[in-house]
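Quick notes on the structure that follows.
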Amino acid sequence: MKKFPLFLKLSQITLGLLGFFYILYVGKDIIVPLLFALVLAILLNPMVNYFSSKKINRVIAIGIAIVLLIVVVGAILFFIGSQMSMFAESWPELKKKINEYFTEALTWFSHTFNIGKYKVNKWVAEQKAETLQGAGGMIGDTISTISGALVVILLIPVYIFLFLFYKPLLLQFIGKLFSIDQHKVVADVLQQTKTLVQKYLVGLMIEMVIVATMNSTALLIIGIQYAVLLGTIGAILNLIPYIGGIVAISLPMIMGLITDDPFSAVWVLIAYLIIQIIDNNFLVPKIVASKVKVNALVSIVVVLIGGALWGVAGMFLSIPLTAIVKVVFDRVKPLEPFGFLIGDTMPDLGKAIFTFNVKKTPVEALKAPEPEEDKKSEE
């Protein structure tokens, strides 16, 4: 069999990855709803099995599970919406304070950098004019985005129902893709994937409730307005690894600067840092990270890739998809090194990583052998 040079193999792998990510980017409107539906279908599968074990028709069992999911999600959205309505009532006052802070910031900038206030105001006016010119296009884009989101929201329950209803068909299809001697490994991968996704999502929900409670309590003690709303939004943003936590801290800090004593923003920063320490060192290792063995470096990279490909939805999906990929890599012999790279198993620092199959040490190997004549003369 002809062997290809290393540079040719690397070129093929690079082109394959580029094509793969291009397909993911172009087909995001189809792929993202399917992936969300698949993940939620795996989460609801135990509930469907429970209802089916109680002699309930499988179609009705699937319908009950989907209705319960819609009720839970609807309750969360209703709670956030009610809090947002309270926020909207005081928006004119907040907008006035934001403009005052903005004017003070422009004045400080003008004096600090010796730039005429007229030039600064002119630049601000130009930016406003450009924003107004593009407002029509932005409104059109917003309307199309909202309409697309509504279509996706309506499609996801349908996809969930079909995934759960056709589960035997899909499993039989996967079985036909592999030979009989590989079925044990395939069944093991599917079982681990199902368990991983279920435990990971349940762990995320538990973590979100705990973090939302801690955030809201801390903001209420500090005296930040709309503490429950900001605490809940912060907990939801915290589901996006690393990046979401930064945004979650900035929102209540800005609110503290606008509506309260500016020093309250410092208290918000301190409180959220303490909550992040508790979350990262106690909640995540015990609730979430124990279910998904992905190291921090890979987590950050895949979150950024997911955001570049699919936006916020990609950030949410990046970690569970990477964990599923790791399960597959760990079961395929040629891909085991990549599964090890994704995981968080740290080898001992003092342990020799590279081993050489030689009997002599490197120093002994460098020594020249003694001539045979010298050996004979010594005898």
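What number of residues in region 299-327 are farther than 23 Å from ILE30 by Cα and surrounded by fewer than 18 Cβ atoms within 10 Å (Cβ to Cβ)?
Residues flagged as farther than 23 Å from ILE30 by Cα and surrounded by fewer than 18 Cβ atoms within 10 Å (Cβ to Cβ) within region 299-327 amount to 2.
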Original post:
What residue, among those in region 163-209 that are among the aromatic types (Phe, Trp, Tyr) and surrounded by fewer than 14 Cβ atoms within 10 Å (Cβ to Cβ), is nearest to VAL39 (Cα to Cα)?
Top reply: TYR166
**OP:** Return yes when LYS199 is among the basic types (Lys, Arg) and in contact (Cβ under 8 Å) with a residue 40 or more places away in the chain and no when it is not.
**Re:** yes
Original post:
Being assigned to a helix (DSSP H, G or I) and at pLDDT 75 or above, is that true of even one residue in region 282-290?
Top reply: yes
Original post:
Can you tell me how many residues in region 255-266 are crowded, with 16+ Cβ neighbours inside 10 Å and at pLDDT 70 or above?
Top reply: 6
Subject >> Subset of region 277-335 [touching a Ser or Thr at 6+ places or on another chain (Cβ under 7 Å) and of a type in the set (Lys, Arg)] >> reply: none
**OP:** Within region 12-31, track down each residue that is at pLDDT 85 or above and of a type in the set (S, T, N, Q).
**Re:** THR14
Subject >> Options ILE222, ILE160: the member that is hydrophobic (A, V, I, L, M, F, W, C), outside the structural domain of VAL32 (by TED's automatic domain parsing) and either in contact (Cβ under 8 Å) with a residue 60 or more places away in the chain or surrounded by 15 or more Cβ atoms within 10 Å (Cβ to Cβ) (or both) >> reply: ILE222
**OP:** Identify, by number, the condition in (1) closer than 22 Å to ASN45 by Cβ; (2) more than 16 Å from the chain's Cα centre (by Cα); (3) modelled with pLDDT under 85; (4) assigned by TED's automatic domain parsing to the domain that holds LEU273 that ILE206 doesn't meet.
**Re:** (3)
Original post:
For region 9-24, does any single residue satisfy the condition of being exposed (fewer than 13 other Cβ atoms within 10 Å of the Cβ), free of Cβ contacts under 8 Å to residues at least 24 places away in the same chain, closer than 27 Å to VAL158 by Cα and basic (Lys, Arg)?
Top reply: no
**OP:** Mind listing whichever residues of region 25-48 are free of Cβ contacts under 8 Å to residues at least 40 places away in the same chain, assigned to a helix (DSSP H, G or I) and either exposed (fewer than 15 other Cβ atoms within 10 Å of the Cβ) or touching a Cys at 6+ places or on another chain (Cβ under 8 Å) (or both)?
**Re:** VAL26, ILE30
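The values are calculated or read from the model by the stated rules, or taken from the named source; none is laboratory data. Small disclaimer: the values here were computed from a predicted structure and weren't measured. Cβ sites come from the backbone with ideal geometry, for glycine too, and all protein chains shown count toward neighbours.
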